[in-house]
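The values are calculated or read from the model by the stated rules, or taken from the named source; none is laboratory data. Quick caveat, the model's predicted, so the values are computed rather than measured. Quick reminder, even Gly has a Cβ in these numbers, built from the backbone with ideal geometry, and neighbours come from all protein chains shown.
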Amino acid sequence: NAYGSSLDDQSGSGTTSHNVKLQSLTPGTTYHFKIEGTDADNNILTSDDYQFDTLPLPKIENLKIEPISNKPTSAFKASWTTNVPTTTIIKYRLATDKEDKESVKAKSETGHNIEITGLLDDSTYLITAQGRDSLGNLAQSGTQTFKTPLDTRPPAISKVTIESTFLETDAEGKSQIIVSWETDEPATSLVEFGEGLEGGYTGRTTEETTLVTQHLIAVSGLEAQTPYHLHVISKDRADN
């Protein structure tokens with residue numbers, strides 16, 4: 001094969017140790033070369049032909065953004081491949097925002113997937129995948145858009161507890177209990193209650209509108225030594 005270019009050793013004098021730096025090479029490319037020199041008697045010395053491969057720059061391919069169902073909040077899964085092992089980085093933001101949020105996996109690999117949860121429903125997000133190889137070179141995808149669906153799923157309520165150890169009776173003979181529960185997404189807190197073991201709910205607490213997943217409500221003004229039934233109510237950001 002022909003040689004497309006040549007480079008001279010700039011040492012300026014005869015030597016037995018030579019060093020030449022090849023620059024501006026194309027990443028991921030096979031090159032071949034030979035070495036020529038002239039000794040003090042003007043004899044031309046020629047080496048065999050050698051070849052080497054330059055390291056490829058990392059490149060992101062096959063980026064897919066897929067919605068995840070059955071999550072408490074809107075979520076997506078991003079997956080892609082790289083031609084060399086890189087870290088896993090996903091950057092995302094609302095289309096109306098200016099600053100990205102970021103999620104990172106430090107392990108270097110060629111198959112990448114990452115889940116992002118806690119997104120706002122019925123909103124458009126801008127998403128970019130990135131990764132750095134062992135030399136610090138950055139690969140970056142183009143920006144994709146993702147529209148989250150409208151949230152129609154109510155919070156799942158669990159671990160409802162009535163703390164009887166907190167049962168108190170005030171000077172007027174009224175009692176108070178503490179009701180706690182959990183939700184799988186941030187939600188409001190409200191307790192409705194009624195006298196007896198069944199029937200309608202004639203009383204209710206003031207709704208706590210702060211969105212939380214750990215709920216604690218005091219129910220006061222209850223008749224002492226009287227059975228009550230109750231249920232808890234939580235609404236998420238979308239009013240489900």
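Does His18 fit the bill of being part of a strand (DSSP E or B), in contact with an Asp or Glu (Cβ under 7 Å, 6 or more places away or on another chain), farther than 30 Å from Val212 by Cα and not assigned by TED's automatic domain parsing to the domain that holds Gly118? Here the answer is no, as His18 does not meet what is asked. Residues that are farther than 15 Å from Ala238 by Cβ and among the polar types (S, T, N, Q) within the stretch 114-155 comprise Thr117, Thr124, Thr128, Gln130, Ser134, Asn137, Gln140, Ser141, Thr143, Gln144, Thr145, listed in sequence order. Report the residue count in the stretch 187-232 for those that are surrounded by fewer than 17 Cβ atoms within 10 Å (Cβ to Cβ), under 29 Å from Pro72 (Cα atoms) and touching a residue at least 40 places away in the same chain (Cβ under 8 Å). Count: 3.
Counting the residues of the stretch 145-166 that are in contact with a Phe, Trp or Tyr (Cβ under 9 Å, 6 or more places away or on another chain) and over 27 Å from Val191 (Cα atoms) gives 4. Residue by residue through the stretch 132-164, note down the ones that are surrounded by fewer than 17 Cβ atoms within 10 Å (Cβ to Cβ), in contact with an Asp or Glu (Cβ under 8 Å, 6 or more places away or on another chain) and of a type in the set (S, T, N, Q). Within the stretch 132-164, just Ser158 meets the criteria.
Of the residues making up the stretch 83-108, those that are at pLDDT 95 or above and among the basic types (Lys, Arg) are Lys91, Arg93, Lys101, Lys105, Lys107. The single condition among (1) surrounded by 12 or more Cβ atoms within 10 Å (Cβ to Cβ); (2) part of a strand (DSSP E or B); (3) over 13 Å from the mean Cα position of the chain (by Cα) that Leu57 does not satisfy is (2).
Give me the residue from the stretch 99-131 that is more than 30 Å from Asn240 (Cβ to Cβ) and of a type in the set (S, T, N, Q) and, out of that set, surrounded by the fewest Cβ atoms within 10 Å (Cβ to Cβ). If we take residues in the stretch 99-131 being more than 30 Å from Asn240 (Cβ to Cβ) and of a type in the set (S, T, N, Q), then Thr110 is surrounded by the fewest Cβ atoms within 10 Å (Cβ to Cβ). Considering the stretch 60-98, the residues that are farther than 15 Å from Ser141 by Cβ and either in contact with a His (Cβ under 6 Å, 6 or more places away or on another chain) or among the small types (Gly, Ala, Ser) (or both) include one that is surrounded by the most Cβ atoms within 10 Å (Cβ to Cβ), namely Ser74.
For the stretch 34-54, taking the residues that are free of Cβ contacts under 8 Å to residues at least 12 places away in the same chain and in a loop (DSSP other than H, G, I, E, B), the one that is farthest from Asn137 (Cα to Cα) is identified as Asp41.
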